[in-house]
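Before any comments, here is the structure.
Please treat every number below as a calculation from the coordinates, not as lab data. Note that the coordinates shown come from a computational prediction; the quantities given were computed from them, not determined experimentally. Neighbour counts run over all protein chains shown; Cβ positions are idealised from the backbone, glycine included.
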Amino acid sequence: MRNLVWFRNDLRVYDNPALDAACNEHNEVVAVYIVSESQWDEHNDSVNKISFWFRCLVELEKELKKINIPLIILKSDFYKDHSKKLLEFSTENNLDNIFFNIEYPVNERKRDEEVTKTFENQNKGVFSFHDQVIHKPGTLKTKAGGDFSVYSPFKRCWFAELDYAMLEEIPIPSSVSPIDISHQNEFDIYNYDKSEINQDLWPVGETNVQTMISNFLEKKGTLYKTDRNFPSMKATSMASPYLNTGVVSSKWCLNQSRNLNYDALDEGDKGIVHWVSEILWREFYRHIIFNYPRVSKGKPFQMRYENIPWENNPEFIEAWKTGRTGIPIVDAGIRQMIETGWMHNRLRMIVAMFLSKNLLVDWKIGEEFFMKHLIDGDIASNNGGWQWSASTGTDAAPYFRIMNPETQSLRFDETGEYIRKYVKELRDCPNKEVHMPSNPKDLGYVEPIVDLKTSRQKAIDVFGSIKKDN
């Protein structure tokens, strides 16, 4: 048989179920990746993220070549055209079957349904696999038979239904029979240089990434629960870009945790257990986006908040986007993202809650801005995080619980090391002033655009009135 493997966000050869199935019985195999710039623009995927994808693809191509599988880069601007593009390629090269790993957002599901229908109509085999989650979406249910909307009971059910056999990793396939493919690449992934950040901050290659994450867990995993909230410390794994591109699988990450925690995932080393919990948050949001597709259509999970009277002050939005709100910890977070393509998770919560609560700006504006800059921008996790902060989503923070940025700054960046790194105007500011300077203009900085106490109460009043009306 001549098989086609369609890579998407699973850019690895180890523990890849679609690739493994395609290679069974030494079939002839060709791999493709489709560049869809117009669709990516609609999804607000950042040039930082796209550049990173392409670097990962170059490494994937090398690994596939070792097992006699060529990687062909196709180009098709929109998902709706993928079925036609893939069928043409399959017909041109006499391919019998297509293999791919499943994605869960609504546009991706529609695309895959159309590809499946098109191939089956031509009597070609279609084989799809779940590689982003351990439990398939739709299989975990509440006691009432519904889908989970709160993380804690989801997590309990996740563990209750877990069989360690589900975590068995799939080895790299053995070499397959060489295949003759004359089709040329339709897009140059090797010279894409639009990234706005230093891509050297993010090494690529499966082995390099596995080593990086393993070293983190071995050396810093035990302290993860206590240290993860301090942005000036290198206390997080930085694994998110690699999970989102599929350079490593969540299954592999969980097994690394087991290996360091006496084969346990939900007890034992508190740091390792908490890191596992973060992996499960990622899976939780994939279940949410599958079970409640409205959240990937710009709708709040809690529909009673669909018509919040957002103020959307243009000057506030611009100040927030440029890291010039006059709130040092908020500005540091935004500037870190613009400079590096990544933002510490504690800061993501602080800046998101400040925008949606203190500034009363629609969370969707912040969600879009993050996607346009993050190297790890992920539809499910980004949407889930923003709706959590805005109190409109699943398991959301109560609307009256609003993080005070100054308090957060004092607690998690006591000496101002993180602030000074990204808010250069405050590099000579004394510790007691760095969290909220008394004379910011004297330092070349800006005055706060809102009063934290007054804006907090205003948000509580707005959200509270909606609760009463509903």
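Can you give me the angle between helix 328-340 and the longest principal axis of the chain, using Cα atoms only, in degrees from 0 to 90, rounded to the nearest 10? Rounded to the nearest ten degrees, it is 30.
The relative contact order of the stretch 2-130 comes to 34 percent, based on Cα pairs under 8 Å that sit 6 or more residues apart. With the simple model of a label 7 Å out from the Cα in the direction of the Cβ, Asn198 to Arg304 spans 4.9 nm. Each part reduced to its alpha carbon centroid, the stretch 173-221 and the stretch 6-62 end up 10 Å apart. Modelled spin-label separation between Val58 and Glu37, with each label point placed 7 Å from Cα along the Cα-to-Cβ direction: 1.8 nm. Here the extension length gained between Asp180 and Ser465 equals 96.0 nm, from 0.36 nm per residue of separation less the Cα-Cα distance. Helix 151-160 and the longest principal axis of the C-alpha atoms of the chain enclose an angle of approximately 40°.
Shown here for the stretch 275-351: chymotrypsin sites (Phe, Trp or Tyr not before Pro) in loop regions (DSSP other than H, G, I, E, B) with at most 16 other Cβ atoms within 10 Å, namely Trp310. For the chain, relative contact order (Cα pairs under 8 Å, six or more residues apart, normalised by length) works out to 18 percent.
Extension gain for the segment Lys66 to Asn431, taken as residue separation times 0.36 nm less the Cα-Cα distance, is 125.9 nm to one decimal. For the pairs Lys219/Lys421; Lys297/Lys421; Lys110/Lys234, note any where the Cα-Cα span goes beyond 29 Å. The answer is Lys297/Lys421; Lys110/Lys234. Its DSSP H runs of at least 4 residues, each contributing -39,500 (n - 2.57), put the calculated 222 nm mean residue ellipticity of the chain at -13500 deg cm²/dmol, to the nearest 500.
With equal scatterers on the alpha carbons only and no solvent term, can you work out the Debye log10 of I(q)/I(0) for the stretch 231-384 at 0.10, 0.15 1/Å? Log10 I(q)/I(0), no solvent term: -0.42, -0.90. Read through the labelled values [x] 38, 24, 20; [y] 44, 26, 22; [z] 40, 24, 23 and report the label of the one computed as semi-axes √(5λ) of the Cα gyration tensor in Å from the structure. Answer label, from the structure shown: [z]. In percent, rounded to a whole number, the relative contact order of the stretch 1-75 is 40, using alpha-carbon pairs under 8 Å and six or more apart.
Helix 106-121 axis versus longest C-alpha principal axis of the chain: approximately 10°, rounded to the nearest ten.
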